[in-house]
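Here is the structure we will look at.
The values are calculated or read from the model by the stated rules, or taken from the named source; none is laboratory data. Quick caveat: nothing in here was measured; it's all calculated off a predicted structure. Cβ: placed from backbone, ideal geometry, glycine included. Neighbour counts: every protein chain shown.
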Amino acid sequence: MRDRFVIGNWKLNGGLAANALLLDALSVGVVEKSGRSCGVCVPSPYLAQVQAALKDSFIGWGSQDVSRFESGAYTGDVSAGMVAEFGSRYALVGHSERRAIFGDTEDVVAGKFGLALRAVLTPILCVGESLPERESGKTEEVVWRQLQAVVVAHGVSGLSRAILAYEPVWAIGTGKTASPGQAEDVHAFLRGKVRALDKAIGDQLSILYGGSVKKSNAAELFGMPDIDGGLIGGASLVAEEFLGIWNAL
Ligand code: PGA
């Protein structure tokens, strides 16, 4: 049995007071289930708040990115080591917003992935195609290129300590979810590629789906054989939605 996850990605949202209310509701509402993990990836200034609020709960936490550097004259950056110091378990790397808006190339993403591993964080590597790429039949080529950059840099064994997230860019924050069949096709493709390199690692790799997951569509997505949970943006900011998604896992 593969590990299953529901991970929230708060993006650039939150505030001390709103976070406190949300974290309270989550620590009461997220009931532990074996083989399943819950987490929230928050803006880095809130890591201390989240650590204090969730330390006695079953929910893990982490960041939405890490620096491509370990330390030094890189004004504004936050390193994987710093994120780890706050008891974090996870770090997103290669989210499509980082790739598209902040210019993270495949090499940069691979570097961040390695630094997250070195800091003993679990990197959640995000891959996904844009709408024009899907419409021109390039989905598999794009997601494999994104994953392969990490495999080339860190070996397939690097994936044994990571989580993969398939997030079609056209489904993120748009309310347009990939159908369970569309998502499953890509998940099965990605798992097949990893299995071809190392069967055991491919079988064990948890692959989450992200893109407009809500409590109303979560169960259907999570019911697909190669979908091992979800990476949740907008709906992770609303306790009732996020708890509904957790309950569907
Ligand atoms: P969304 O975002 O759930 O708001 O579509 C998902 C993500 O970007 O991780």
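Scan segment 142-178 for residues that are in a loop (DSSP other than H, G, I, E, B) and either at pLDDT 95 or above or near the ligand (Cβ under 10 Å from one of its atoms) (or both) and jot them down.
Gly155, Ala162, Glu167, Pro168, Ile172, Gly173, Thr174, Gly175, Lys176, Thr177
Among the residues of segment 1-34, which ones are within 23 Å of Gly211 (Cα to Cα) and part of a loop (DSSP other than H, G, I, E, B)?
Arg2, Asp3, Trp10, Lys11, Leu12, Asn13, Gly14, Val30 - these are the residues of segment 1-34 that are within 23 Å of Gly211 (Cα to Cα) and part of a loop (DSSP other than H, G, I, E, B).
Looking only at segment 179-211, which residues are within 10 Å of the ligand (Cβ to nearest atom) and touching a residue at least 60 places away in the same chain (Cβ under 8 Å)? If you could, list the steps in order and put the result at the bottom.
Applying the first criterion (within 10 Å of the ligand (Cβ to nearest atom)) to segment 179-211 yields 208-211.
Once the filter is applied, which keeps residues that are within 10 Å of the ligand (Cβ to nearest atom) and touching a residue at least 60 places away in the same chain (Cβ under 8 Å), segment 179-211 yields Leu208, Gly210, Gly211.
Quick check on my filter: what residues within segment 110-138 are within 19 Å of the chain's Cα centre (by Cα) and part of a helix (DSSP H, G or I)? Full working, then the answer.
Of the residues in segment 110-138, the ones within 19 Å of the chain's Cα centre (by Cα) are 110-130.
If the condition is that a residue be within 19 Å of the chain's Cα centre (by Cα) and part of a helix (DSSP H, G or I), then Ala110, Gly111, Lys112, Phe113, Gly114, Leu115, Ala116, Leu117, Arg118 are the ones that fit.
Output the residue which, of all residues in segment 27-60 that are buried (at least 20 other Cβ atoms within 10 Å of the Cβ) and within 16 Å of the ligand (Cβ to nearest atom), is farthest from Ala248 (Cα to Cα).
In this case the residue turns out to be Val42.
Kindly indicate the residue of segment 212-249 that is aromatic (Phe, Trp, Tyr) and under 21 Å from Ala20 (Cβ atoms) and also nearest to the ligand (Cβ to nearest atom) among those meeting that condition. Don't jump to the end; show me each part of the working.
So in segment 212-249, the residues aromatic (Phe, Trp, Tyr) come out as 222, 242, 246.
Now restrict to residues that are under 21 Å from Ala20 (Cβ atoms): 242, 246.
On the way: Phe242: 11, Trp246: 14 Å.
Per the criteria, the residue is Phe242.
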